[in-house]
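S.K.: Supplied in structure tokens, the structure appears directly below.
Derivation of every value follows stated rules applied to the coordinates shown; laboratory data play no part. Everything quoted here is computed from the prediction, not taken from an experiment. Note that each Cβ is placed from the backbone with ideal geometry, even for glycine, and that neighbours are counted across all protein chains shown.
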Amino acid sequence: MFSKTKTKKGECITTLDKKVHDALLAMYDTPDPNNPKFKIQGYDKDHAERTTRIVLMAAQKMNVNARYLPDFEVASLLHDIGRVGIDPELFGKIFRLAQEHNLPVRITDIRLAHPEISDSKASDFYLKLISPILVDNGIQITSKVIDHINMRMAHKERLSATIRKLKPQLNNLKITIKPWMKKVILFYYYPQLMKNESKEVHKLGMLLVACENFEAYNNRRRGRDYYCREKESLKDAFDKIKKFKDNGLISGQVLKVLQDLTIEGDLDNIIKESRGIPQNVPLPREDIVFKKHLKTILR
């Protein structure tokens with residue numbers, strides 16, 4: 001289990017050397033096409049780093065088996081590596097138009113609306129659905145557009161291709177992406193892959209889903225770029241995560257751990273970072289009230 005070393009409020013017990021940690025996050029960066037000597041900072045890099053801090057705090061509370069922790073930390077840091085090279089403006093345009101025209105925006109939505117379409121054919125099917133809408137809005141169907149659709153609708157294949165490309169760098173760090181780690185990363189979109197895995201690995205998949213969505217629904221930059229959100233709130237974040245529990249994607253225990261961390265204030269600094277709130281400024285009053293409400297109903 002985790003070491004019983006006492007940590008300060010809001011800290012987590014990391015299992016990786018800082019150089020390895022930083023090298024993994026650097027994998028989100030891409031060469032600047034206008035100047036290959038420079039790198040464009042990966043859009044999902046900060047989200048992945050904050051998600052991992054939440055994951056490690058939650059894993060500590062859930063007494064995750066220590067033998068999984070180094071690999072789980074790697075999986076958490078790389079959980080969005082399948083979207084490396086993302087153009088947030090293009091990605092946002094594609095899926096905002098999809099929402100406006102009541103089209104699915106995730107592969108899980110395609111499964112519900114079109115169960116006859118296999119996962120392997122989902123991206124091609126989606127491209128046919130959305131192409132007329134994109135063209136009508138001045139977006140030509142280029143290889144870049146197709147690649148951005150694949151980031152969501154063929155996420156499993158794109159993740160595998162990205163990991164293959166990164167294999168020399170991972171080998172230099174003495175890191176192997178094990179099959180169960182990929183299943184944990186893919187659990188949000190492909191929960192069926194977890195079918196024959198152990199309860200402990202299943203728990204890791206649920207933890208990552210809950211924690212990365214908690215960060216995403218508090219992430220001001222993502223909210224503006226992808227979802228046309230005008231503000232973020234703890235209530236909205238937990239309303240979304242509770243739906244995962246109601247749908248069986250995460251357990252009540254995972255939800256409770258995230259709620260406890262929030263009540264105790266352990267996530268306050270991360271929430272402020274995600275929303276661009278200075279650390280010396282308190283959370284908005286509505287969030288403070290919501291935390292008190294959570295405490296009342298849970299304790």
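S.K.: What label, among [x] 6, 26, 33, 25, 10, 1; [y] 5, 18, 24, 23, 16, 9, 4, 1, 0, 0; [z] 6, 26, 36, 25, 8, 1, belongs to P(r) over Cα pairs in 10 Å bins from 0, in percent computed from the structure on display?
M.R.: [z]
S.K.: With all distinct Cα pairs included, what does the Kirkwood hydrodynamic radius of segment 202-256 come out to in Å, to one decimal, could you say? Spell out each step's value before the answer.
M.R.: Numbers: mean 1/r = 0.0870 Å⁻¹.
Taking the inverse mean of 1/r over all distinct Cα pairs, segment 202-256 comes out at 11.5 Å.
S.K.: Can I ask one more? Would you kindly give the portion of the calculated P(r) for segment 85-155 that falls above 14 Å, as a percent of all Cα pairs? The partial results should precede the final answer.
M.R.: Details: 1354 of 2485 pairs.
Beyond 14 Å sits 54 percent of the P(r) for segment 85-155.
S.K.: Enter the per residue convex hull volume of segment 1-112, computed from alpha-carbon coordinates, in Å³ rounded to the nearest integer.
M.R.: Working: hull volume 17.2 nm³, N = 112.
Once divided by residue count, the hull of segment 1-112 is 153 Å³.
S.K.: Ok, one more. Taking only DSSP H segments of four or more residues, each worth -39500 (n - 2.57), what value at 222 nm results for the chain once the sum is divided by all its residues, to the nearest 500 deg cm²/dmol? Let's see the in-between values first.
M.R.: Details: 15 runs with 179 residues, N = 299.
The per-residue figure over the chain is -18500 deg cm²/dmol.
S.K.: For the ranges 146-153, 86-93, 171-178, what's the packing order if you count other beta-carbon atoms within 10 Å of each residue, average per peptide, and put the highest first? The partial results should precede the final answer.
M.R.: Values: 146-153: 21.0, 86-93: 16.4, 171-178: 13.2.
Ranking the peptides 146-153, 86-93, 171-178 by packing returns 146-153, 86-93, 171-178.
S.K.: So, in segment 159-242, how many Lys pairs have Cα atoms under 21 Å apart, if the pair is 8 or more places apart or on different chains?
M.R.: 24
S.K.: Report the charge-dipole magnitude of segment 85-155 in Debye, nearest 20, computed about the Cα centre from +1 at each Lys and Arg Cβ and -1 at each Asp and Glu Cβ.
M.R.: Working: 8 positive and 9 negative charges, 13 e Å.
That gives a dipole near 60 debye.
S.K.: With θ taken as phi - 60° and the coefficients 6.51, -1.76 and 1.60, list the Karplus ³J(HN,Hα) couplings across segment 163-169 in order, rounded to whole Hz; mark glycine and proline as x.
M.R.: Listing the rounded values in order: 5, 4, 5, 8, 4, x, 5 Hz.
S.K.: Next question, about the same structure. Using Cβ contacts closer than 10 Å as the measure, can you line up V184, V64 from fewest to most? Intermediate results must be reported in sequence, preceding the final value.
M.R.: Values: V184 28, V64 20.
Going from least to most buried by this count: V64, V184.
S.K.: If you don't mind, there's one more thing I want to ask. Which order do H101, H79 fall in if you start with the one that has the fewest other Cβ atoms within 10 Å? Write out the running numbers ahead of the final one.
M.R.: On the way: H101 13, H79 26.
Ordered by Cβ neighbours within 10 Å, fewest first: H101, H79.
S.K.: What ³J(HN,Hα) values, in whole Hz, does the Karplus curve 6.51 cos²θ - 1.76 cosθ + 1.60 give for segment 242-250 when θ = phi - 60°, with x put for Gly and Pro?
M.R.: Each residue's phi maps through the Karplus curve to give 4, 5, 4, 5, 5, 8, x, 6, 10 Hz.
S.K.: Using DSSP to call loops (not H, G, I, E or B), can you name the GluC sites (Glu not before Pro) in segment 116-222 whose Cβ has at most 13 other Cβ atoms within 10 angstrom? Spell out each step's value before the answer.
M.R.: Numbers: sites: E116, E157, E197, E200, E212, E215; in loops: E116, E197.
Sites meeting the loop and neighbour criteria: E116.
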